[in-house]
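Below is one structure, written out as structure tokens, with a few remarks after it.
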Amino acid sequence: MAKKNEKGRYDNGPCPFCGRAIISLDHITKLSDGTEVCRDCVSKIRVMYPLVYGKKKGKKKTERMDPIEKLSKEEFRAAMEKAPEYLEDLRAKYGRNAVYAVEDIKMIPRGWFRPPYICTTGRVIFGYFDIGDEVEVVRRGFSAKAKIHDIERENAGEKGSDAWIRRGEGGYPLKWMVFSQKDLLIGPGDLIVKG
Ligand SMILES: [Zn+2]
């Protein structure tokens, strides 16, 4: 249970996996038995358990649906041991350091002679993407160079977050990854890759 410490902040005690303090300003991930886990440990296995936002049956509001919250302590520990190998397998499969899958796009015109904003939504399969990164857009038998103009993580208005909102990180959905350059074509199903 969270108690206020002498500084007036909530102290959630140490993470059972790494011993670091769990900070109450973040979104706190709770396992199936109520065990609280720190954001660093969550981010280590996130790639194996992608975060999803969706609507539950009969509900209108978009909610966070986190498969990690269904894990037991033992399953979480096993996932932490397996995560490095899992990530290596993904790197080998794609031959890249980071992969983002585009699910949808929206074009926003910017007026005469200025390339439109190409706003993609999708999910980062693994690795990291930052604003300004040089990447490649990959489609069957074709690839083009591109530069990331902007990133925002999907967080559906959450109060804290367990990942940095302006970075694309493996296992997290993005509200947008934006590009803006002449003659660039991006469509649903394309992969944005790095490294
Ligand atoms: Zn931890």
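The values are calculated or read from the model by the stated rules, or taken from the named source; none is laboratory data. The model shown is predicted, which means the values in this text are computed figures rather than measured ones. Neighbour counts run over all protein chains shown; Cβ positions are idealised from the backbone, glycine included.
For F126, the requirement of being surrounded by 18 or more Cβ atoms within 10 Å (Cβ to Cβ), under 19 Å from the mean Cα position of the chain (by Cα), under 20 Å from D40 (Cβ atoms) and hydrophobic (A, V, I, L, M, F, W, C) is met. Filtering K82, K44 for residues that are among the basic types (K, R), within 16 Å of the ligand (Cβ to nearest atom) and at pLDDT 90 or above leaves a single hit, K44. Among residues of segment 2-26 that are basic (K, R), those with a Cβ under 9 angstrom from a residue that is within 16 Å of the ligand (Cβ to nearest atom) and at pLDDT below 75, sequence gap 6+ or separate chain, pair up as K3/D11; K3/N12; K4/D11; R9/S24; R9/L25.
The residue list D33, D26 contains one member that is among the charged types (D, E, K, R), more than 8 Å from the ligand (Cβ to nearest atom), within 20 Å of L71 (Cα to Cα) and modelled with pLDDT under 85, which is D26.
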